[in-house]
Amino acid sequence: MTIRPVKSTDRDVWLQMRAALWPEQTETELGIEADHFLRGSKSSLLTAVFVHADEQDHLTGFIELFIRNVAEGCDGPAPHVEGWYVRPDSRNRGVGRALMNAAGTWARSRGFNELASDTTADNELSQRVHQKLGFEITERSVHFRKALEASESNQVEASKTGIDRLTDSFFALFCNRDGAPELERIFDLFVPNGLIAKCTGPDPEISTLHEFIAPRQELLTSGTLTEFSESETSERTQIFGNIAQRISTYQKSGCLDGVPFTTRGVKTFQFVKTRLGWRIFSVTWDDERDGLAIEELA
């Protein structure tokens with residue numbers, strides 16, 4: 001039995017288990033959240049994630065933690081168990097206990113003397129398991145909800161957060177520093193007929209999503225382009241109703257045919273809001289070169 005931190009190569013299986021635990025959430029929502037954690041994004045809602053792997057290194061469970069400033073029943077900030085899952089065919093074998101023990105060890109190593117968790121009032125099995133592992137019930141509460149018409153400023157703020165996450169996910173998509181990138185995830189970020197245009201030459205190279213990822217999959221996995229990553233360095237976003245646009249400066253680096261390089265450039269994004277949330281409609285980009293330099297966007 002092996003308990004270890006989750007890694008980028010675990011993403012797909014971890015995502016399958018997350019979907020089994022939270023079936024009401026879309027795969028896109030769960031995937032974006034997982035990607036934020038794997039990239040070490042400051043906006044991640046997770047602080048630590050551990051997985052259980054069997055003798056063949058097949059994942060059979062996970063536990064997710066986030067340090068909450070206020071954890072009900074605790075004396076101060078404490079790690080909170082946000083997700084705890086074991087595959088049905090691996091239950092009653094000590095996997096859940098081992099994951100919770102790993103969470104406790106991690107928490108103590110960071111100076112905490114409490115671990116928080118919760119479950120729904122009707123989940124009696126989860127309540128019994130928690131108590132069997134040393135948790136005590138601190139309080140019971142009834143949650144209420146009242147729908148409020150969102151103000152325009154709140155709607156814009158929520159839209160900006162969604163667009164920020166989409167943009168972060170796009171930039172992270174092509175990184176191959178931790179293994180082969182999974183470029184097919186681009187379809188989760190775009191509308192079905194999304195377009196991408198490379199504008200570094202005299203004529204734009206306009207591609208569909210399939211046309212765009214095919215040559216880059218080869219480039220990023222053949223050893224021609226290694227240690228590649230790119231990230232946004234500044235941005236300016238405008239939102240109006242169900243449409244938005246963003247202009248970003250960015251930096252990319254890697255080794256092309258064994259030669260290190262670093263380049264800056266500008267990308268423009270067009271977004272549309274769908275029933276599934278914000279999606280990218282198109283991306284265009286151009287890079288710095290002799291006679292063409294950029295300044296950071298204010």
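The values are calculated or read from the model by the stated rules, or taken from the named source; none is laboratory data. Just so it is clear, the model here is predicted, and its values are computed rather than measured. Every residue, glycine as well, gets a Cβ built from its backbone with ideal geometry; the counts of neighbours run over all protein chains shown.
The table below gives the values:
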{"read-out": "Qualifying residue in segment 200-215 (condition: among the small types (Gly, Ala, Ser), touching a residue at least 60 places away in the same chain (Cβ under 8 Å) and under 16 Å from residue 284 (Cα atoms))", "value": "no"}
{"read-out": "Selection status of residue 145, among the basic types (Lys, Arg), modelled with pLDDT under 90 and within 21 Å of the chain's Cα centre (by Cα)", "value": "no"}
{"read-out": "Restricting segment 81-136 to residues that are of a type outside the set (Phe, Trp, Tyr) and part of a strand (DSSP E or B), the residue that is nearest to residue 63 (Cα to Cα)", "value": "83"}
{"read-out": "Test: residue in segment 173-180 that is modelled with pLDDT under 90 and on the phi > 0 side of the Ramachandran plot", "value": "yes"}
{"read-out": "The listed residue being in a strand (DSSP E or B) and free of Cβ contacts under 8 Å to residues at least 12 places away in the same chain, out of 228, 261", "value": "261"}
{"read-out": "Lone unmet requirement of (1) in contact with an Asp or Glu (Cβ under 7 Å, 6 or more places away or on another chain); (2) closer than 23 Å to residue 107 by Cα for residue 71", "value": "(1)"}
{"read-out": "Residue 222 surrounded by fewer than 13 Cβ atoms within 10 Å (Cβ to Cβ) and either out of contact with any strand residue (DSSP E or B) (no Cβ under 9 Å at 6 or more places or on another chain) or among the hydrophobic types (A, V, I, L, M, F, W, C) (or both)", "value": "yes"}
{"read-out": "Single residue of 31, 40, 73 found to be closer than 26 Å to residue 163 by Cα and surrounded by fewer than 16 Cβ atoms within 10 Å (Cβ to Cβ)", "value": "40"}
{"read-out": "Residue list for segment 178-211, filter: surrounded by 12 or more Cβ atoms within 10 Å (Cβ to Cβ), within 22 Å of the chain's Cα centre (by Cα) and not aliphatic (A, V, I, L, M)", "value": "178, 179, 181, 182, 184, 185, 187, 188, 190, 194"}
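Rundown of residues vs (1) under 19 Å from residue 186 (Cα atoms); (2) touching a residue at least 60 places away in the same chain (Cβ under 8 Å), yes/no style:
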residue: 4; (1), (2): no, no
residue: 18; (1), (2): no, yes
residue: 23; (1), (2): no, no
residue: 30; (1), (2): yes, no
residue: 35; (1), (2): yes, yes
residue: 57; (1), (2): no, no
residue: 71; (1), (2): no, no
residue: 75; (1), (2): no, no
residue: 78; (1), (2): no, no
